[in-house]
Amino acid sequence: MIKQLNITNYETYFVLGNNSSEKRKKRKVIINVSLRFPEKNDACNSDSVDDTVCYSQLLAFIDEKLQNAQFNLLERATQFLYEAISEYLNTPSILKRVEIMKPRPPVKNLLDASFICSDW
């Protein structure tokens, strides 16, 4: 049985853009992270946050990593965050899926654009 933690629609801000007008200020991005526990997840039985990944702490870590970040592309930002989360978890058995969505990019009629880095 696979157990999965999903963190969806987390709003945060950092500089993301491919031209100078986009880089003038931090912009809102939406982050989705899924963690798959292919082995046991003791928290399912213990009901203790100490036995799982605390999403509050993970989100604080994400904010810290992105606080002063600046990227041209979604691709690089997502790869950066995927690598940072991998290092934070330091558990190869936990599979990760990281998506960063850029709402309302400066492209006519485009509502959102996103990029995903994933182990599955």
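Nothing in this text is a laboratory measurement; each read-out follows from the coordinates by a stated rule. All values reported here derive from a predicted model rather than from experimental measurement. In this analysis, Cβ positions are derived from the backbone assuming ideal geometry, glycine residues included, and neighbour counts consider all displayed protein chains.
Hull volume per residue, based on the alpha-carbon atoms of the range 60-120 and their convex hull, is 90 Å³. Shape verdict for the chain, please, from the Cα gyration tensor: rounded (a/c under 1.5), prolate (a/b greater than b/c) or oblate. Prolate shape, in that a/c is at least 1.5 and a/b is the bigger ratio.
Net charge of the neighbourhood of Ile30, taken over other residues with C-beta under 10 Å away and scored Lys/Arg +1, Asp/Glu -1, is -1. Rounded to the nearest 10 degrees, the inclination of helix 74-89 to the longest alpha-carbon principal axis of the chain is 30 degrees.
Of the trypsin sites (Lys or Arg not before Pro) found in the range 12-120, the ones in coil according to DSSP and having at most 12 other Cβ atoms within 10 Å of their Cβ are Arg24, Lys25, Lys40, Lys108. Toward the positive end of the charge dipole of the chain, with +1 on the Cβ of Lys and Arg and -1 on the Cβ of Asp and Glu, the farthest Cα among Ser114, Asn19, Ile2 is that of Asn19. Where only DSSP H runs of four or more residues are counted, the chain gives -8000 deg cm²/dmol as its mean residue ellipticity at 222 nm, each run worth -39500 (n - 2.57).
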